[in-house]
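The values are calculated or read from the model by the stated rules, or taken from the named source; none is laboratory data. Owing to the predicted nature of the structure, the values given are computational and were not obtained by experimental measurement. No Cβ is skipped: glycine too gets one built from the backbone with ideal geometry, and neighbour counts run over all protein chains shown.
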Amino acid sequence: MKNIKPVKLDDLVGEIELQIDDTLSFINTKTGEVITLMREEIGAAEDEKPLESFPEWQRENIEKAISIIEDEEGVYVDFSLKNDFNEYEIIQDFIGTLEDDDIREELYDAIQGRGAFRRFKDSIIEQSVDKLWFKYKESKIKELVIDWCKEHEIEIQQ
């Protein structure tokens, strides 16, 4: 499959960062568009229900879902990288990069047990390493997306 139009790296990174359950993302290789659909919209397209039975705001996405389901030319690629993204592992890696032993220890303690993500968020703000975290996380997501695109022969635009 040849990608006709590059996909914007920021669009793909944004899809990973959103991490919305019950959504599926696809790349239109002819336009470079990243399409996110609710499972309900895909189900509606598969069930072939009349578009008129859905609210107007949802019809456009159902039409896109129909195009994806009926795609025989391989125009649409399932962007299922969300399943490969493990934020907890990235958090652990980030903590390991910090030079201050006290901050590292506090953050490792914060990510244990229930409520780990909330405690981590509070702790990085308290320790003033939140900007470092967001920069680190974004770079890791970009690496993941770039590797995925290479593997699937998707050209990306920086």
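Annotations
- I91 being modelled with pLDDT under 85, within 30 Å of Y108 (Cβ to Cβ) and outside any strand (DSSP E or B): no
Okay, residues lined up against (1) of a type in the set (D, E, K, R); (2) surrounded by fewer than 17 Cβ atoms within 10 Å (Cβ to Cβ):
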residue	(1), (2)
G115	no, yes
K135	yes, yes
E138	yes, yes
V145	no, no
W148	no, no
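- Listed conditions (1) within 21 Å of the chain's Cα centre (by Cα); (2) within 22 Å of I27 (Cβ to Cβ) are all met by L132, apart from (2).
- Taking the range 32-47 as the range and being in contact with a strand residue (DSSP E or B) (Cβ under 9 Å, 6 or more places away or on another chain) and exposed (fewer than 15 other Cβ atoms within 10 Å of the Cβ) as the test, only R39 passes.
- Residues in the range 113-158 that are over 21 Å from L9 (Cα atoms), assigned to a helix (DSSP H, G or I) and either among the hydroxyl-bearing types (S, T, Y) or in contact with a strand residue (DSSP E or B) (Cβ under 7 Å, 6 or more places away or on another chain) (or both): S123 alone.
- Residue in the range 6-50 that is farthest from L81 (Cα to Cα), counting only those that are in contact (Cβ under 8 Å) with a residue 40 or more places away in the chain and in a loop (DSSP other than H, G, I, E, B): K30
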